[in-house]
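Notes follow once the structure below has been shown.
The values are calculated or read from the model by the stated rules, or taken from the named source; none is laboratory data. Keep in mind that what you see is a predicted model, and the values were worked out from it rather than measured. Using ideal geometry, Cβ is built from the backbone for each residue, glycine included, and neighbour counts are taken over all protein chains shown.
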Amino acid sequence: MTSYPFSRGYHIRKRRWVSCATSLYGASMRGGAAEFWVGPARILLLGGRFCSYSGGRLDVKGPTIMCGRFALERGGLSAGTTLHTIDEQGRDPVYSVDAAWSGERIDAAAELAFGGEEWSGVWALSVRGERSGMSLLIYELPPGWDHPMGRSFYGAGRRRRGGSIVLEQRLARRLRIFSAFERSSASDPYEAKRRDLLRFECRWSEGGNSMKLSLKRRIERRSILMPCPSSEEQPGDEVTDSIHLLQTWRLPASFRLRISCRAPLERGRSGYLVCPSITIDRRIHATVSWALHRAIEGSPLFYCYERSLRGLYPWRALRGGGWRVAFIGGASIGPARIAVSLAAQNEGLYEGAAQIGVTF
């Protein structure tokens, strides 16, 4: 459940039980779900097959997944239990119990899950004040706890534990400071990995104009456990830094200008990315964006936000030096919405997509 630590609702976020999206990115499931509300009780039934999209084809022959959930809600308190099974060799059914409480300034949640002879747990607390806030998360996951629909935290197939804390402080009417620290570890009989992640962010906004400055440092360390003593020299810490500046201006005639600048600084890999975009938000919604990325040393990896069709992944991975131009536009005609996207990239790469939706 890793996500951007300064997003709204982190670490505790409420979502609808049944929702949908149209996307061919990453893993997905084809099936059906039903949700029933009876007074304070909620019942969820879900079933389908795990699917993946690769090589231009959709593979729908994945394992069958079945899930059932029962929960009660009364005031700010909720509690529930869930059972899900995966038709895959070596997979035991997973049972979980969870509880959450939401007050005026405090949110708390916890979940315990049991599968086979192992258990996992997640605990979270969020406290909000008038000018400050704090959010805390602690988790413990045994080996092999990854689900076919996604992976939690980092270090697949290992025992994982860790926690994070996020602090927020309002210094002035329009200025906010965020800071976060996360420590996570993953281990198996052969090696252990530890990662420390530090983030600092400053946000300013006034009217339709805003500015965000983000600094991030990631420190990773790998320890060899087997054989003991190891014949290999223990590697040192690997430090990665990055800087991000984002500015947005609200222009006349419903135009919005956005400029994003990123600079990853890694050992042997560094560079910069500049990505301006302009959006018109009237009867027709359209965005034109352009990304220019240059490598100073090695072949760094850049992540660029690009407005996309509904249900598609908006982040693009760009490596080394090059450019990318993209356009997305859409309009609503009665109950129907039509949208198209076009993009071109260096080395002669092109892509396009169209989407039509109807509201009943």
(request) Kindly indicate whether any position in region 188-199 is at pLDDT 85 or above, surrounded by fewer than 17 Cβ atoms within 10 Å (Cβ to Cβ) and either at negative phi or not aliphatic (A, V, I, L, M) (or both). (result) yes
(message) Give me the residue from region 157-195 that is in a loop (DSSP other than H, G, I, E, B) and of a type in the set (Lys, Arg) and, out of that set, nearest to Gly207 (Cα to Cα).
(response) Arg174
(request) Just give me the residues in region 7-57 being at pLDDT below 75, exposed (fewer than 13 other Cβ atoms within 10 Å of the Cβ), farther than 21 Å from Trp315 by Cβ and hydrophobic (A, V, I, L, M, F, W, C), in sequence order. (result) Val18
(request) Please state which of the following conditions Arg30 fails to meet, knowing it meets all the rest: (1) outside any strand (DSSP E or B); (2) in contact with a Gly (Cβ under 7 Å, 6 or more places away or on another chain). (result) (1)
(message) Against the conditions (1) among the aliphatic types (A, V, I, L, M); (2) at pLDDT 90 or above; (3) surrounded by fewer than 18 Cβ atoms within 10 Å (Cβ to Cβ), where does Ala180 fall short? Just the number, please.
(response) (3)
(request) All but one of (1) touching a Ser or Thr at 6+ places or on another chain (Cβ under 8 Å); (2) in a strand (DSSP E or B) hold for Arg294, so report the exception by its number. (result) (1)
(message) Whether any residue in region 253-261 is touching a Ser or Thr at 6+ places or on another chain (Cβ under 8 Å), aliphatic (A, V, I, L, M), at pLDDT below 90 and assigned to a loop (DSSP other than H, G, I, E, B) is what I want to check.
(response) no
(message) Could you tell me how many of the residues in region 102-118 are over 24 Å from the mean Cα position of the chain (by Cα) and either surrounded by 13 or more Cβ atoms within 10 Å (Cβ to Cβ) or part of a strand (DSSP E or B) (or both)?
(response) 3
(request) Given the conditions (1) part of a strand (DSSP E or B); (2) of a type in the set (Ser, Thr, Tyr); (3) under 26 Å from Glu201 (Cβ atoms), report the number of the one that Ser341 does not fulfil. (result) (3)
(request) For region 312-360, enumerate the residues that are exposed (fewer than 13 other Cβ atoms within 10 Å of the Cβ) and among the small types (Gly, Ala, Ser). (result) Ala317, Gly334, Ala336, Gly348, Gly352, Ala354
(message) Can you list residue pairs whose Cβ atoms sit under 7 Å apart, with the first residue in region 275-288 being surrounded by 15 or more Cβ atoms within 10 Å (Cβ to Cβ) and the second being assigned to a loop (DSSP other than H, G, I, E, B)? Count only pairs 6 or more apart in sequence or on different chains.
(response) Ile280/Ser254; Thr287/Arg307
(message) Filter region 279-326 down to the residues that are more than 18 Å from His244 (Cα to Cα), more than 24 Å from the chain's Cα centre (by Cα) and of a type in the set (Lys, Arg) and list them by number.
(response) Arg282, Arg283
